[in-house]
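Participant: Supplied in structure tokens, the structure appears directly below.
The values are calculated or read from the model by the stated rules, or taken from the named source; none is laboratory data. Bear in mind that the values here come from a model prediction, so they are computed numbers and not experimental data. Quick reminder, even Gly has a Cβ in these numbers, built from the backbone with ideal geometry, and neighbours come from all protein chains shown. In case anyone asks, the SASA skips ligands and DNA or RNA and just uses the protein heavy atoms, side chains included. Shrake-Rupley method; radii C 1.70, N 1.55, O 1.52, S 1.80 Å.
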Amino acid sequence: SNLMEPITYLALGDSYTIGESVGLEDSFPHQLLRQLRIDDETKGFNFSPPKIIAKTGWTTSQLLAACSRFESEQKECGGLYDIVTLLIGVNNQFNNFPSEVFQPHFEELTNKAIKLSGNRPEGVIVLSIPDWGFSPMGAQMGINRELVAAELDSYNAICKQVASQKGLGYLDVTKVSREAVQRPHLIAGDGLHPSGMMYKEWIEGLVPLAKKILSRDPGHSS
């Protein structure tokens, strides 16, 4: 089975995608591939290391710029990705950008993700934006938790609606982020970002979505 083309995975995002404050191996893209490599249904596949386009602090416009640079590089080598994940928006909210700006940006990012997946909307998974208001750092900053939650809910309504309109996968990771008050181990040492344990809970929802993509990916049927 090692004659098979490797499965490629592109992760687009911000600090939540690089796994700020946890080791690289604990970031969700790395945990996802680790899980797929041992899962009975997918362990026969040959997985390439994830390609990650993400930086702490990035807003939608910074990710868009990075994607455009990446697309022009890709034209030279023509690489397309079997799986693409997109998780963006927390820094728009954190910087008080209006959600009216977010919607067109997010739609454009999903279009880029679909293109990078070889025009396969079903190859793209959108993750909802976690709620940092429930972190110790949020409490320390004295933020209005209800307000942050309401703003992130309106952002996530956009994410979910766009994903559904375009036929993309969607995973809600906001719900578990709001359990961090009762479950402090879900937060990393910086008091703000998810711990490897929270990312592990995301993976439980991501694995079935990734397996669905791989099961209908004609280029890789074993």
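Participant: Give the distance, in whole Å, between the Cα centre of the range 147-199 and the Cα centre of the range 1-51.
Facilitator: Result: 20 Å between the Cα centres.
Participant: Using just the helices of the chain, give the 222 nm mean residue ellipticity in deg cm²/dmol: DSSP H runs with n ≥ 4 each add -39,500 (n - 2.57), and the total is spread over all residues, rounded to 500. Display every interim value, and only then the final one.
Facilitator: Values: 9 runs with 107 residues, N = 222.
Theoretical 222 nm ellipticity from helices: -15000 deg cm²/dmol.
Participant: If you take Kirkwood radius over Cα pairs in Å from the coordinates, which of (i) 17.6; (ii) 18.6; (iii) 20.7 do you get?
Facilitator: Derived directly from the coordinates: (i).
Participant: Let me ask something else about it. Where in the range 41-134 are there trypsin sites (Lys or Arg not before Pro) that are in a DSSP coil and have at most 13 other Cβ atoms within 10 angstrom of their Cβ?
Facilitator: Answer in residue order: Lys43.
Participant: What is the helix-to-structure angle for 99-116, meaning the angle in degrees between its Cα long axis and the longest Cα principal axis of the chain, kept from 0 to 90 and rounded to the nearest 10?
Facilitator: 20 degrees
Participant: Among the listed pairs Lys115/Lys200; Lys175/Lys212; Lys160/Lys212; Lys55/Lys212, which have their C-alpha atoms separated by more than 26 angstrom in this model?
Facilitator: Going by Cα-Cα distance, Lys115/Lys200; Lys55/Lys212 fall outside the 26 Å limit.
Participant: Check Ile7: other-chain or 5+ apart residues with amide H under 5 Å from its amide H, H built from backbone geometry?
Facilitator: Asn46, Phe47, Ser48
Participant: Which of the aspartates and glutamates could a cross-linker bridge to Lys112, judged by Cα under 13 Å and excluding same-chain residues fewer than eight apart?
Facilitator: The qualifying aspartates and glutamates are Glu71.
Participant: Shifting gears a bit: How much of the accessible area of the chain, in percent, comes from carbon and sulfur atoms when a 1.4 Å probe is used? Please list the in-between numbers first.
Facilitator: On the way: 5360 of 10110 Å².
Ligands and nucleic acids excluded, carbon and sulfur give 53 percent.
Participant: If you line up the long axis of helix 60-77 against the longest principal axis of the chain, both from Cα atoms, how many degrees apart are they, to the nearest 10?
Facilitator: 10 degrees
Participant: Compute the accessible area per residue over the chain, keeping the other protein chains in place, probe 1.4 Å, unit Å². Present the calculation step by step, with values, prior to reporting the outcome.
Facilitator: Numbers: 10110 Å² over 222 residues.
In whole numbers, the chain has 46 Å² accessible per residue.
Participant: First select every other residue whose beta carbon is under 12 angstrom from the beta carbon of Leu64; then total the charges, Lys and Arg +1, Asp and Glu -1. List each step's numbers first, then the result.
Facilitator: Details: positive: Arg69, Lys112; negative: Glu71, Glu107, Glu108.
Net charge in that neighbourhood comes out at -1.
Participant: I'd like the antiparallel share, as a percent to the nearest 5, of DSSP beta bridges with both residues in the chain. Write out the running numbers ahead of the final one.
Facilitator: On the way: 1 of 16 bridges.
In the chain, approximately 5 percent of DSSP beta bridges are antiparallel ones.
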